[in-house]
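Worksheet for the structure shown next.
The values are calculated or read from the model by the stated rules, or taken from the named source; none is laboratory data. All values reported here derive from a predicted model rather than from experimental measurement. Reconstructed Cβ throughout: ideal geometry from the backbone, glycine too, with neighbour counts over all protein chains shown. Areas reflect the complete protein model, heavy atoms only, side chains present, ligands, DNA and RNA absent. Shrake-Rupley method; radii C 1.70, N 1.55, O 1.52, S 1.80 Å.
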Amino acid sequence: MFGLINQLAKPNFAQFSVGLPTRLGKRFSHELAPRFKHVGKKHKGRITVRTGGSIKGSTVKFGDYGLRLKSVGVRMDANQLKEADNVIMRMMRPVGGKLWRRLCTNIAVCTKGNETRMGKGKGPFDYWAVRVPTGKIVFEVGGENLHEQTAKDAFRKAAAKLPGVFEFVKKSDTPRVGLHDVQKPKSPVNELEKLKQNPTKEFLNVLKSKQREYVLYNGRKR
């Protein structure tokens, strides 16, 4: 009797339960880390040197202003990018600016302690990093109330947190291939009209020789 009463008094939470996900997507150790299910150890690798003329990622696409790497390629870790991110957002929030992050830290860097014997494989995972080639856009900002000087100040402070030399670019600036800027094609120039406006001594003699009196009485046989 009492057992039946206890069963009726206990609420059945199964009928009120909501379907919850069995596995929550959680980043590994850092908020800029990629969502990899398996963190594989990577080789140190080398920074890409763009010798084929690629301009991918060297122009502003989303915002109005950008921070572009000007020096040789470097490797940045997630902590450095996060510090620069905090500096930029500290100046973007009061003016309602928006920040775009153009890099993904997908290189798992493993380290071993000092004075460690050789062998026994790579060291354990230490931090996330990304290889940044020359001319790559790192951050972009934009907004209706964002002034150009505010963006310059934010990028100047952010560049102090990152390795390498950076430059401030706009949406209308030319792309960069390696250590050199891509120059816009110049409009064709009519050299003859330009020479007529500012003729040389030799060109004046040529023009004078084509006059009628010189053509008729130049003493040459026709």
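Quick rundown of the values:
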read-out: Check on T134, touching a Pro at 6+ places or on another chain (Cβ under 6 Å) and touching a residue at least 24 places away in the same chain (Cβ under 8 Å); value: no
read-out: Count of residues meeting criterion [open to solvent by 20 Å² or more (accessible area, probe 1.4 Å), touching a helix residue (DSSP H, G or I) at 6+ places or on another chain (Cβ under 8 Å) and either farther than 27 Å from T48 by Cβ or of a type outside the set (F, W, Y) (or both)] in the range 115-145; value: 1
read-out: Close pairs from the range 147-171: first under 23 Å from A78 (Cα atoms), partner basic (K, R) and exposed (fewer than 14 other Cβ atoms within 10 Å of the Cβ), Cβ under 6 Å, at least 6 apart; value: F168/K152
read-out: Some residue of the range 27-50 being of a type outside the set (A, V, I, L, M), at pLDDT below 55 and under 30 Å from M92 (Cβ atoms); value: yes
read-out: Filtered residue count, the range 103-114, keeping only those that are of a type in the set (S, T, Y) and either in contact (Cβ under 8 Å) with a residue 40 or more places away in the chain or open to solvent by less than 50 Å² (accessible area, probe 1.4 Å) (or both); value: 1
read-out: The range 154-194, subset of a type in the set (A, V, I, L, M) and open to solvent by 60 Å² or more (accessible area, probe 1.4 Å), residue farthest from the chain's Cα centre (by Cα); value: L192
read-out: Neighbours by Cβ (under 7 Å, 6+ apart or cross-chain): first from the range 59-71, farther than 11 Å from E167 by Cβ; second open to solvent by 10 Å² or more (accessible area, probe 1.4 Å) and in a loop (DSSP other than H, G, I, E, B); value: T59/P175; V60/K171; D64/L146; D64/K171
